[in-house]
Amino acid sequence: MNSNLKEQELIKGLSVNDKNAIEAIYKDNYGIIQSLILNNNGTEDDAKDIFQEALIVLYEKAKSGVFELNCQVKTYLYSVSKRLWLKRLQKNSRYELQSNGLEETVYVEEDLGAHEKRNNELGMMEHAMANVGEPCKSLLEAYYIHKQNMQEIAEAFGYTNSDNAKNQKYKCLIRLRKLFFAQYKNGNK
């Protein structure tokens with residue numbers, strides 16, 4: 001079954017309270033929403049609440065009968081969850097501007113095209129990360145995803161000091177950029 005057809009079936013199932021559709025949506029999407037919330041000053045309970053609220057938004061749209069999903073369910077739920085979480089952070093005065101990926105809110109109804117383009121670019125980046133090779137992939141993940149500092153990376157990867165680890169990270173970034181932009185150019189022709 002192609003991806004778009006599966007997405008439409010999930011929306012249809014959600015609109016009629018199909019337990020299998022709801023479980024599939026939850027299983028396929030909760031993890032990414034949980035990561036979003038936990039990485040941005042949230043708790044497990046916050047993640048559950050936000051995911052439920054986003055699922056309710058999707059459910060209400062699906063029940064309306066006029067809703068047309070123009071992106072993946074994952075993209076829609078992520079965008080709605082991000083918007084809901086930013087509102088909650090602002091309301092609770094816990095909002096801090098950080099450079100950790102929680103950028104400006106994308107309003108789903110207004111800017112699905114731009115969000116879908118970004119989703120495609122993230123897919124290209126995932127593909128480039130998968131092809132960057134070792135130890136670059138692990139090193140970049142350690143730094144950017146697991147937030148390890150250069151000293152921790154030097155110890156974990158066997159570099160003599162943090163400067164050598166930093167130099168290797170730079171080389172890995174150059175390699176990743178080349179892979180990404182080669183793919184980006186080919187994808188935009």
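Each reported figure results from applying straightforward, stated rules to the coordinates on display, with no laboratory input. Computed from a predicted structure; not experimentally measured. All Cβ positions, glycine included, derive from the backbone under ideal geometry; neighbour counts span all protein chains shown.
Can you work out the base-10 log of I(q)/I(0) for the range 132-189 at q = 0.13, 0.14, 0.17, 0.27 1/Å, using the Debye formula on its C-alpha atoms alone?
So the normalised log intensities work out to -0.36, -0.40, -0.54, -1.04.
Modelled label-to-label distance, Glu155 and Glu134, 7 Å Cα→beta-carbon offset: nm?
Result: 2.2 nm between the two label points.
Give, in nm to one decimal, the length gained when the segment between Tyr30 and His146 is fully stretched (0.36 nm per residue of separation minus the Cα-Cα distance).
On the way: separation 116, 0.36 × 116 = 41.76 nm, distance 1.96 nm.
Extra length from Tyr30 to His146 when fully extended: 39.8 nm.
Sequence neighbours fewer than 8 away in the same chain don't count; with that in mind, list the lysines whose C-alpha is under 28 Å from Lys63.
List returned: Lys6, Lys12, Lys19, Lys27, Lys48, Lys74, Lys82, Lys87, Lys117.
So, in Å, what gap is there between the alpha-carbon centers of the range 112-183 and the range 10-30?
The two parts, judged by their Cα centres, are 34 Å apart.
With 10 angstrom as the radius, rank Ile33, Ile22 by how many other C-beta atoms surround their C-beta, starting from the fewest.
Ile22, Ile33
Return the lysines within reach of Lys166: Cα separation strictly under 20 angstrom, same-chain partners fewer than 8 residues apart disregarded; answer none if there are no such residues.
Of all the lysines, those that pass the test against Lys166 - Cα under 20 Å, at least 8 places apart if same chain - are Lys137, Lys147, Lys178.
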